[in-house]
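Presented below is the structure to which this report refers.
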Amino acid sequence: MEEKNDFSKGSVAKNILNLAVPMTFAQLVNVLYSVVDRVYIGHIPHTSSEALTGIGLSLPIITIITAFANLFGMGGAPLCSIARGAGNTKKAEKIMGNSFVMLILSGVILLAACMAFKTPMLYLFGASEETYPYANEYLTIYLCGTLFVMVSLGMNNFINAQGFGKIGMFTVLIGAVLNLLLDPVFIFLFGMGVQGAALATILSQLVSAVFVLKFLTGKRALFRLNRASMKLDLAQVREITGLGMSGFIMAITNGSVQIMCNATLARYGGDLYVGIMTVINSVREILNMPITGLTNGAQPVIGFNYGAREYGRVKKAIRFTTYAGITVTCVAWFFLFFFPEFFLRLFTNEEELVVHGILSMKIYFFGIFMMALQFAGQSTFVALGKSRQAIFFSLFRKAIIVIPLTLLLPMAGGLGVNGVFLAEPISNFLGGAACFATMMVTVYRKLGKENV
């Protein structure tokens, strides 16, 4: 099995695709957890618009929970790949065990904090008297499954880091299919509405978490989760946290952007435009899925070959990831620009929302191919353990560019709500170009010439 998952042999592109294809499918399935909820809720008779907006108001908190899963899951997994490439299985197990403990501890803290402050947070995020009840009902039940989410999302990275992309896909698939089946039962058959959507999600995440833990403690795993590896090593935790900080900040800033967008849209356009942003965020999650799957599939290959000092193969992996990402995003841009109504009607039958959402969607997704450059540069920094660069560019695009523009552009030239949607493409061009150019100059050109 070790020989089979030796990424220093065979075609680099094939190694990446062997992981990326099942991981992309797993990403698609994982997106279904929340997106399917919104599809069903958006078609609830008489209350669909308010209910959909309520779910949108819950997204920043859900994103924050995901951020902590990224912090310790995506922080530990690349380190495991590097350790495995260097032949140090014991270190890989120690990294995984420490990541698991930190996922559980942070999950408990998040559950307590979010439960205590969810009401003021939801109103801060732009809730109104009409949308708050839906947001509160969904979020209260979702938070009860926080630990399931942390384990299923965070620990699945360590299955992929070992080269078991298909197993990683299956652990996500089984939960998402269950969610797909339970949603209509709880929402419509039992008449539970948004509460039913949340209950279906956390039960499905529970099943996924069980399968993840079963594999990582079983005989097929190349390095296993065990009690000895769970003894916290502060130096190891710092290393995991440092590398995972880029994914964490990216998710936190995404949550912050969602908060700013919802609050600003509520001010300039009311609940209608918060609902439109909910749909756009849902479409963005689907669009990000193949790019995230591709870059996540490339990271174990890049990290393994870097640890094995196969620098030429590291360069090939970076080039392949970049070209493939640009191709995928250009194709997606074509469909989003010419057929925006199709994507809007997936989530709602409200005619007013669809009519106003078409222009908003065209503005928001303008030039999305530049996002592929951000992902390519960011994933390379993470795969090579370069936490400082990864953290900086996570902050640069969202915190330094998007958030200020979201607040300022609506006041510029009477742009209003269009200014909120315009902030995203501007950040893609500036942030994507800066991140990729820095990676090429500071990392790519130096590979094989000196210790980068």
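So here's what we get for this one:
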read-out	value
Neighbour count of at most 12 Cβ within 10 Å plus DSSP loop: longest GluC sites (Glu not before Pro)-free window in the chain	130-449
Long-range lysine pairs (8 or more apart or interchain), the range 297-447, Cα under 20 Å	7
Surface per residue (accessible, 1.4 Å probe) for the chain, Å²	39 Å²
Helix 417-442 axis, angle to the chain major axis (alpha carbon atoms, nearest 10°)	10 degrees
Per-residue HN-Hα couplings for the range 290-307 [Karplus 6.51, -1.76, 1.60; θ = phi - 60°; Hz; x = Gly/Pro]	x, 5, 5, x, 5, 5, 5, x, 6, 4, x, 5, 5, x, 4, 5, 5, x
Candidate aspartates and glutamates for bridging to LYS90, where Cα separation is under 20 Å - those fewer than 8 sequence places away on the same chain excluded	GLU2, GLU3, ASP6, ASP233, GLU239
Charge dipole (debye, nearest 20) of the chain; +1 at Cβ of Lys and Arg, -1 at Cβ of Asp and Glu	2380 debye
Principal-axis tilt of helix 234-268 within the chain, Cα atoms, nearest 10 degrees	20 degrees
Protection-proxy order for peptides 216-225, 147-156, 108-117, each taking the mean of Cβ atoms within 10 Å per residue, highest first	147-156, 216-225, 108-117
Relative contact order of the range 320-400, pairs being alpha-carbon contacts under 8 Å that are 6 or more residues apart, as %	36 percent
In nm, spacing of pseudo-spin labels at SER8 and ASN226 (7 Å Cα→C-beta vector)	2.5 nm
Rounded percent of accessible protein surface that carbon and sulfur make up, the chain, 1.4 Å probe	67 percent
The range 119-208 shape via C-alpha gyration tensor axes, a/c threshold 1.5	oblate
Summed side-chain charge close to ILE62 - residues other than ILE62 whose Cβ falls under 12 Å, Lys, Arg +1, Asp, Glu -1	0
Distance from the range 34-77 to the range 215-262 (C-alpha centre basis), Å	20 Å
Charge context of GLY275, other residues only, Cβ under 9 angstrom, K/R +1, D/E -1	-3
Low-density loop positions, trypsin sites (Lys or Arg not before Pro), the range 336-424 - DSSP coil, at most 11 other Cβ in 10 Å	none
MRE, 222 nm, helices only [DSSP H, n ≥ 4, -39500 (n - 2.57), over the chain, to nearest 500]	-27000 deg cm²/dmol
Given charges at beta-carbon only (K, R positive; D, E negative), |dipole| of the range 183-306 in Debye	560 debye
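The values are calculated or read from the model by the stated rules, or taken from the named source; none is laboratory data. What you see is a predicted model, and the numbers here were worked out from it, not measured in a lab. FYI the Cβ positions are ideal-geometry reconstructions off the backbone, even for glycines, and counts take in every protein chain you see. The accessibility values were calculated without ligands, DNA or RNA, using every heavy atom of the protein model including side chains. Shrake-Rupley method; radii C 1.70, N 1.55, O 1.52, S 1.80 Å.
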